[in-house]
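Have a look at the structure below, then the notes.
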Amino acid sequence: MAEKAKKVNEIGLSKEDYKGKPSTLCLGCGHNAIVGQIISACYELNIPPESLVKISGIGCSSKAPTYFMERSFGFNGLHGRMPSLATGALFGDTSLIGIGVSGDGDTASIGMGQFKHVTRRNLPMLYIVANNGVYGLTKGQFSATAEEGLALKKQGQNRYVPVDIVWEAIAGRASFVARSFSGDPQQLKALIKAGIHHKGIAVIDVISPCVTFNNQDDSYHSYAWGKSHEVALHELSFVPPVEDIKVQYDKGETIDVPLYDGTHIVLKKLGQDYEPTNRAKALKMLEEANDRNELITGLIYINPKQKALFDLYNLPDVALNRLPAEKLRPSVESLDEINQLMY
Amino acid sequence: MAKTQTKKPVVRRLSGVNEFSINIGTENGSGSQTANLTLLRAIFKMGIPVSGKNIFPSNIQGLPTWYKIRVSQSGYVGRRKEADIVVAMNPKTFTEDQDDLVAGGLFLYADDIKDPIERKDMITVAMPVKKLVKEAKPHRDLRKFVANMVYVGILAKLLEIDMEPIKAALEFHFKGKESPVEFNMMMIELAYKWAEENLDLEVPYKIEPRDLTDNAILVDGNTAAGLGTIYGGMHFVSWYPITPATSLPEAMLEYAPKLRVDPETGKSTFAIIQAEDELAAIGMCIGAGWAGLRAMTATSGPGLSLMAEYTSLAYLTEIPVVIWVVQRVGPSTGLPTRTAQGDINLAYYLGQGDTEHIMLIPGSVKECFDFGWKALDLAEKYQTAVLCLSDLDLGKNQWMTEPFEYPDTPIERGKIIWEEDLEKIKEDWGRYKDLDGDFIPYRTVPGNTHPDSAYFARGTGHDDFANYSEHPDDWRNNLDRLKNKINSSKKDLPEPLITKRSGAKNGIIAFGSTDAAMVEALDYLKADGIKLDYLRLRALPATDQVLDFIRSHERVYIVENNRDGQMHAILSLELPEKSEDMISLAIIDGLPINAEWIRESVLAEENV
């Protein structure tokens, strides 16, 4: 076979360098599509794998970090408690890019508390919820995002109204909130890129069908329902600074959202006029879309200027985890002073 | 078998000059703490050993609270059952407060309490609190607070406490702010003058200046533990408020900004974050520990229960973390403001599956400081959770201690490897591979840029290279190594402190804050003709010295502040062949164990 030069990105890495272990998720699982788009996004963003950490909770979704970026540190933690693990870990070196992968059980049930608090603290990380409305790893129970009336094999009908993760994220004062669909890879990739470059928490609620337990055509988390009910708010592109000059902005047709590092999110208008910078309007839009039974996708809310967690701490330029030991222990004299201060 | 604290009178060996106890009954939220601390500190500054115990309710205002000051030239600082002097400021507890007084004791009460005084065998002083406060003309908002200074002034006169140390104590309390110091002093002097003019009493208790506290400081265990942690080079603290642990992280919030700002850059070398609950507090600490930060949290029983799952994860994924447990009374919410040693079992085995953690048990305020920094070293060296078991009595009360000593060993970061270290061993390295035969693997942390440095941490089964594995051999080998690793830490754990009495055949083991009562009880028992060797346990797993102590005594009493004798059970498991010779002396009633109870319990067992 002829040697073909491997395609590499600007830092000389091939797509292979961004892959993880072979997926053990079901064939056709929506989560595999998410994994694929994370790999593509990181490859295209030229992210050195060593500068990224992957954190997850428990469940099918939380297995996903095994399947991308094997050269990155990863931690598969406890059910619903990925946010706290990520918070501590990112304090170690605030220059690291954090990608958290969670599920609807992990985020909207057991982890609701940590989810709301990590959004409130605006921890800079990408927080992906692979949302399929069902518990997969325990074989098909309703999750908190399952729609009222959903029928599942062993469970009968769902009695309760669902939790809307996007709504909760906005109410939790997350600074970047999006919804996407595993069946819409281009949009998902653009959102992942934008989320990585956003300084603050970027929550992407990805409707990601479970082909084994919850992919009936009439289920709100199925491929068929998603395809026929998805309404994209806009055509979204992520623009790194180098390409900035090449893009022609058509003023009336696009919204430009500059991020802190010189990158941009450019939103090309589709059907409706929607600016994702107002929390109250975002909630109103969600409520109306809900009434129309639409799966609204795209960037639903963003505030690029909201203070991120690390802005609130007077941290050194060098990573805390690289501070030499002599910087960590106060002087002998200081202890004499402390002893003097005591009664 | 559980024993109750009996009412059997103990022969009093303590009386008179520089040997007495004061019980002060007030309402919480009335500012009595200022008055009580002023008395305590003034006596301490006059050179006499003291201890102060706050017996307080789980409430902010209006419920009964007591402060117990023990003055002891002999150096006994444990809780005494009875009091020589009672100050009754709270009508709600007026009758029961009289019960604590010894025959012939001094009873001071606010004269607006009109309840009948039943006892005739005491020296009674009705304090004109309202009248004196009126004379002082305090601002209306302050009236309630300065009222307590009346008993400070009257006691100063009766016990001959000098005004100078009282003023010094107030200056310390109000951090030098002039007006509250002056106003409180005026109140105290008014009361002093009233006592001088109106009381002509022979009081058997006096303060005579000594020089027994010259090289001591007066401080609580939580402050000491917080400072020890700061000097231990903690990077990261996450915590959630819970009585009685809260003042530990609060001490760090106070002192870390003063001590841990890099003078070159002006930047903090630490971060402290108040979490949304204990689940998150420990989660953040473990995330931080994984990322190479020296992380700690502090909690009490209910919070520790919530931390179980994450601590089990730290054990299996080999992540350093320090957990301070300031014990209060359980089960359940229990008595949140009362002391116990009831979370020994919970802490030692915290988490699902086979776990056993390194546990440090400070028995003094100074050890709270020392173990504060040592715990971080041990956690990083052994890549595991280290639990420090303090309690409310030690953590929240004022104890005399030698000044804190600077750590005598450098910061131990353990086997953290960075790029150049990894380059040297990259052919052999696996995150969980025991390369040195000491059960401790090398660990990389996020931020390491070496292309081979990354690994995937998980609470599931894994092989030496951190790959997911369900293979029986991988699971068994890993768990065996973890057990060996924890056991190998014994060489670095604080050894027990052993006090021998010549000719003793039996021994007694205690730990933690119980030491104060033990020292006193052993003296009483000696006078009773009972000789016991004393071992104070300071860590688990039990070292050979502890086991040898048990083996070499015919009988060993194990004293602890819980119902079931938890330490007794742990030690019995260690030495099943000696379990019949280990006798549990355990009690829990919310109060620190006192010397009389230990003495009586031992006497009963010795059939004296």
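Within the group B:Pro244, B:Pro263, B:Pro331, which residue is without any contact (Cβ under 8 Å) to a residue 24 or more places away in the chain, assigned to a loop (DSSP other than H, G, I, E, B) and away from chain A (no Cβ under 14 Å)?
Result of the check over B:Pro244, B:Pro263, B:Pro331: B:Pro331.
From B:Arg443, B:Arg481, B:Arg458, grab the single residue that is within 24 Å of B:Val386 (Cβ to Cβ), facing chain A (nearest Cβ under 8 Å) and not hydrophobic (A, V, I, L, M, F, W, C).
Criteria check complete, one pass: B:Arg458.
Is there any pair linking a residue in region A:52-73 that is facing chain B (nearest Cβ under 8 Å) and surrounded by 24 or more Cβ atoms within 10 Å (Cβ to Cβ) to one that is part of a strand (DSSP E or B) and among the charged types (D, E, K, R), with Cβ under 6 Å and at least six apart or on different chains, and which?
Qualifying pairs under 6 Å: A:Pro65/A:Lys54; A:Ser72/A:Lys54.
Can you spot a residue in region A:276-297 that is farther than 30 Å from B:Val219 by Cα, in contact (Cβ under 8 Å) with a residue 40 or more places away in the chain and within 14 Å of chain B (Cβ to nearest Cβ)?
no
If you check every pair at least six apart or on different chains, which have Cβ atoms under 8 Å apart with a residue in region A:3-19 that is farther than 17 Å from B:Asp452 by Cα first and a residue that is among the polar types (S, T, N, Q) second?
Filtered contacts from region A:3-19: A:Lys6/A:Ser14; A:Lys7/A:Ser14; A:Val8/A:Ser14; A:Asn9/A:Asn46; A:Glu10/A:Asn46; A:Ile11/A:Asn46; A:Lys15/A:Ser40.
(1) within 24 Å of B:Thr337 (Cα to Cα); (2) in a loop (DSSP other than H, G, I, E, B): which one isn't true of B:Pro249, the others all being true?
Here B:Pro249 clears every test but (2).
Quick one: in region B:407-417, which of the residues that are buried (at least 17 other Cβ atoms within 10 Å of the Cβ) and facing chain A (nearest Cβ under 8 Å) is farthest from B:Gly52 (Cα to Cα)?
Taking the candidates together, the pick is B:Arg413.
Among the residues of region B:505-537, which ones are touching a His at 6+ places or on another chain (Cβ under 8 Å) and small (Gly, Ala, Ser)?
Once the filter is applied, which keeps residues that are touching a His at 6+ places or on another chain (Cβ under 8 Å) and small (Gly, Ala, Ser), region B:505-537 yields only B:Gly507.
Mind checking which pairs have a first residue in region B:216-230 that is facing chain A (nearest Cβ under 8 Å) and farther than 11 Å from B:Trp373 by Cβ and a second that is of a type in the set (Phe, Trp, Tyr) and part of a helix (DSSP H, G or I), Cβ under 7 Å, 6 or more apart or different chains?
B:Leu218/B:Phe44
So for region B:130-146 (the condition being crowded, with 18+ Cβ neighbours inside 10 Å, in contact (Cβ under 8 Å) with a residue 60 or more places away in the chain and closer than 23 Å to B:Ile207 by Cα), does at least one residue qualify?
For region B:130-146, residues crowded, with 18+ Cβ neighbours inside 10 Å, in contact (Cβ under 8 Å) with a residue 60 or more places away in the chain and closer than 23 Å to B:Ile207 by Cα: absent.
Being touching a Phe, Trp or Tyr at 6+ places or on another chain (Cβ under 8 Å) and among the β-branched types (Val, Ile, Thr) is the filter here, so list the residues in region A:289-343 that pass it.
Selection gives A:Thr297, A:Ile302, A:Val332, A:Ile338.
Condition first: within 32 Å of the chain's Cα centre (by Cα), at pLDDT below 95 and over 23 Å from B:Glu19 (Cα atoms). Can you find one or more residues in region B:131-144 that meet it?
yes
For residues in region A:314-326 being within 7 Å of chain B (Cβ to nearest Cβ) and aliphatic (A, V, I, L, M), which is farthest from A:Ile196 (Cα to Cα)?
Residue satisfying both the conditions and the ranking: A:Ala325.
Filter region B:353-377 down to residues that are more than 20 Å from the chain's Cα centre (by Cα) and not polar (S, T, N, Q), then give me how many there are.
Within region B:353-377, residues that are more than 20 Å from the chain's Cα centre (by Cα) and not polar (S, T, N, Q) number 4.
Please verify whether region B:271-283 includes one or more residues that are more than 7 Å from chain A (Cβ to nearest Cβ), surrounded by 18 or more Cβ atoms within 10 Å (Cβ to Cβ), within 22 Å of B:Ile69 (Cα to Cα) and touching a residue at least 40 places away in the same chain (Cβ under 8 Å).
No - not one qualifying residue is present in region B:271-283.
Which count do you get for residues in region B:266-314 that are among the small types (Gly, Ala, Ser), touching a helix residue (DSSP H, G or I) at 6+ places or on another chain (Cβ under 9 Å) and not in a helix (DSSP H, G or I)?
Going through region B:266-314 one residue at a time, the tally reaches 8.
Right, A:Asp311: without any contact (Cβ under 8 Å) to a residue 12 or more places away in the chain, out of contact with any Cys (no Cβ under 7 Å at 6 or more places or on another chain) and either away from chain B (no Cβ under 14 Å) or part of a helix (DSSP H, G or I) (or both) or not?
yes
If you take the residues in region B:418-440 that are farther than 18 Å from B:Leu293 by Cβ and aromatic (Phe, Trp, Tyr), which one is farthest from the other protein chains (Cβ to nearest Cβ)?
For region B:418-440, the residue satisfying everything is B:Phe439.
Return the only residue of B:Ala521, B:Ala510, B:Ala466 being within 20 Å of B:Lys578 (Cβ to Cβ) and of a type in the set (Gly, Ala, Ser).
B:Ala510
Please name all residue pairs, on different chains or six or more residues apart, with Cβ atoms under 8 Å, provided the first residue is in region B:574-594 and is over 14 Å from B:Val556 (Cα atoms) and the second residue is buried (at least 17 other Cβ atoms within 10 Å of the Cβ) and aromatic (Phe, Trp, Tyr).
Qualifying pairs under 8 Å: B:Ile587/B:Trp597.
The values are calculated or read from the model by the stated rules, or taken from the named source; none is laboratory data. Nothing here was measured: the structure is a model prediction, and the numbers come from that model. We place every Cβ from the backbone using ideal geometry, glycine too, and count neighbours over all the protein chains shown.
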